[in-house]
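Nothing in this text is a laboratory measurement; each read-out follows from the coordinates by a stated rule. None of the values given here were measured: they were computed from a predicted structure. In this analysis, Cβ positions are derived from the backbone assuming ideal geometry, glycine residues included, and neighbour counts consider all displayed protein chains.
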Amino acid sequence: MELVGKSVFGGVAIGKLSIYQKQDNVVKRVKVDDVEAEVTRFQTAKETAKTQLAGLYDKALKEVGEANAMVFEVHQMMLDDLDYVESVENIIRAQGVNAEYAVATTGDNFSQMFAAMDDEYMRGRAADIKDISNRVVDVLSGASAGGINSTEPVILLAEDLAPSETVQLDKSLVLSFVTKLGSTNSHTAILARTMNIPALIGINYPEDVEGKMGIVDGFIGKLIIDPDEETLKKYQKKKEEEEEKARLLLELKGKENVTLDGTKVNLYANIGGVGDVADVLKNDAGGIGLFRSEFLYLESSDYPSEEDQFKAYRTVAENMAGKKVIIRTLDIGADKQVDYFNLKKEDNPAMGYRAIRICLERIEVFKTQLRALWRASYYGKISVMFPMIISVSEVIKIKEIVEEVKKELSDQGIPYGEVEIGVMIETPAAVMITEELAKEVDFFSIGTNDLTQYTLAIDRQNPALDNFYDSHHPAILKMIQMTVENGHKGGAWVGICGELGADTTLTETFLRMGVDELSVSPSRVLSVRNAIRNIDLSK
Amino acid sequence: MTEFTYTITDPQGVHARPAGIFVKEAASFPCNITVGKDGKDVDAKRILGVMSLGVKQGEEIVVKCDGDQEAEAAEKLEAFLKENL
């Protein structure tokens, strides 16, 4: 069974499900004869509750830090609040009833008042009032605190968890919190973030799940009950990956991409949109090695304006704060159809009318992108590269258009920065002329996915060919070698931005070849860094 | 009576913890003290009342002190608000 709610903290937890044992708190309304004795009972219980809260404050301070502990100090103040105290005492005296009933009623009234407020934070405080009231009632009735009905770590399910309940829990027994109620601002949510465990709210779990196997996917807010073997395996793998990532992040963040013998290499990230920049920074990449500009065209119903493009490029350049951002110009074709381009259907789009071939014939579309790119270059460190190059004449033509664009900008008094120009090496033809190409550009970026498909004559989209597809084929490795050597001879630096760049079984091979830069998906940056730091090229 | 107005700058508004400290400060003076928003006044010495105003960032509150040590109370509370809220 799968239940979807809202995630308050990401991560994966796998384990047995257990429902939190709340103590029974049924409060009865009982008439009392001696109301003043009942008021005294309340006052004594209130003091005991405050002593307990002071103890919880100390416990929380040690376990989860001051920010999380503060709630218990606030609870003590709430218990001393005159409105609260007067309300309780007034109910006891006016109705001649027991303290338990007076406290529970007052708690309900005040928590309803907060629950009705138009502010999420304040609505969250309704739980605090309930919590302190329950505590006093417990003291009055001598009830014991609830807990976890298990001796092994579990995914804890609860209707809702009050701060005093979560703090009393044995944290070593909790893999994840799952509640029916609660808010993303609740203490449970804050606690989950502090403990770095996944937590979900709004999950309406059935009551007969005690002891069953469960999976919490904190990334998409899902609880899976009684998962099948396959799902379980999938999540075990995901969990291991997450743990590995977390470990790497901690260890490798801020470290250099340097081999044991001191060779440094640039490690950048590939992105497909402005929103991916956060991932790039989180994973500590040194720059962006491939920014696919297609998203601007694919997400639009007409040619994206210069202004829209400029804004996107500028945002990324500024967010990367002086780190290199390599943007690839439009790479669409019949396989990535965009209606307004009106491209004819082709039998073999991979080898068809696409990328730079379109740009060199639809100059205005190309120029709009180039103007946006050069304008954005004023706001950061932008490099531009061109896809699907097969000949030197294409590069010369591109450079002429670039010069025109720069002149137009200068004439209009629009500022632009220094922009490195590079080409994608993704056709066998480009590899064979790298010596000549190197004289025309500042850098090469090897697109191993297309290079492999064109070199091995294997259509990437055809699953029937999977058995023939060998990404480590010696032909590919020799081509990379040749590209690096010719690039360096002509003064161009050489990077790899295809999937092969993240293949850590080849990292050493690439470094021995002299590859200057690897660009990989953000989530792979740290594992590649880890590989680099364990390589010794002197051996 | 001494009174002053203050505009909340804390992005979370008057949340529980500073409200608690404010109330404690207020309770240490003998004079009557109220906090008001949009014409609704509550006793500044009662945390639930102060929180029930639900004061958010950018909203203005009026603090009125009336009685013994009113000037001193106003000065102390204004300083606290500037520092914490």
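Overview of results
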quantity	calculated
Gap separating the Cα centres of the range B:62-85 and the range A:490-525, nearest whole Å	64 Å
Relative packing of A:304-311, A:272-279, which averages over residues the other C-beta atoms within 10 Å, highest first	A:304-311, A:272-279
Normalised contact order of chain A, rounded percent, pairs of Cα under 8 Å and 6 or more residues apart	14 percent
Computed over the range B:2-84: relative contact order in percent, which uses C-alpha pairs under 8 Å that are six or more apart	44 percent
nm² value of the averaged projected area, convex hull over the Cα atoms of the range A:262-533	14.0 nm²
Isotropic mean projected area of the C-alpha convex hull, the range B:2-84 (nm²)	4.4 nm²
Test item: Cα-centred dipole of the protein assembly as shown, Lys/Arg +1 and Asp/Glu -1 on Cβ, debye	1160 debye
Charge dipole of the protein assembly as shown about the Cα centre (unit charges at C-beta), most positive-ward option of A:CYS359, A:THR44, A:SER183	A:CYS359
Within 10 Å of each Cβ in B:54-65, the average number of Cβ atoms from other chains	1
Kirkwood estimate for the range A:401-539, i.e. one over the average of 1/r between Cα atoms, Å	16.5 Å
Neighbouring partner chain Cβ atoms per residue of A:122-130, average, 10 Å criterion	3
Extreme residue, positive dipole direction of the range A:262-533, given options A:MET479, A:VAL525, A:ASN270 (C-beta unit charges)	A:VAL525
Cα centre as origin, Lys/Arg/Asp/Glu Cβ charges: the range A:396-539 dipole, Debye	460 debye
Sorted by Cβ neighbour density within 10 Å, fewest at the top, the residues A:THR51, A:THR105	A:THR51, A:THR105
Distance from the range A:209-276 to the range A:36-99 (C-alpha centre basis), Å	43 Å
Sites A:ASP470 and B:GLU59, calculated FRET efficiency, Cβ-Cβ separation with R0 51 Å, nearest 0.05	0.15
Equivalent ellipsoid semi-axes, the range A:284-408, via Cα gyration tensor eigenvalues times 5, rooted, Å	24, 16, 15
FRET E, pair A:LYS264, A:ASP302, Förster distance 51 Å, beta-carbon r, rounded to 0.05	0.70
Average beta-carbon neighbours from other chains, 10 Å sphere, peptide B:13-23	4
Alpha-carbon Debye profile of chain A, log10 I(q)/I(0) at 0.06, 0.09, 0.13 Å⁻¹	-0.46, -0.81, -1.20
Restraint check, A:LYS311/A:LYS399; A:LYS46/B:LYS56; A:LYS282/B:LYS56; A:LYS16/A:LYS50; A:LYS367/A:LYS489, Cα-Cα greater than 29 Å	A:LYS46/B:LYS56; A:LYS282/B:LYS56; A:LYS16/A:LYS50; A:LYS367/A:LYS489
Fewest-first ranking of A:GLU517, A:GLU440, using other Cβ atoms within 10 Å as the exposure measure	A:GLU440, A:GLU517
The protein assembly as shown - mean residue ellipticity at 222 nm from DSSP helices (-39,500 (n - 2.57) per run, n ≥ 4, rounded to 500)	-14500 deg cm²/dmol
Packing-based exposure ordering (other Cβ within 10 Å, fewest first) of A:LEU296, A:LEU370	A:LEU296, A:LEU370
Cα centroid separation - the range A:444-466 against the range A:323-369, whole Å	18 Å
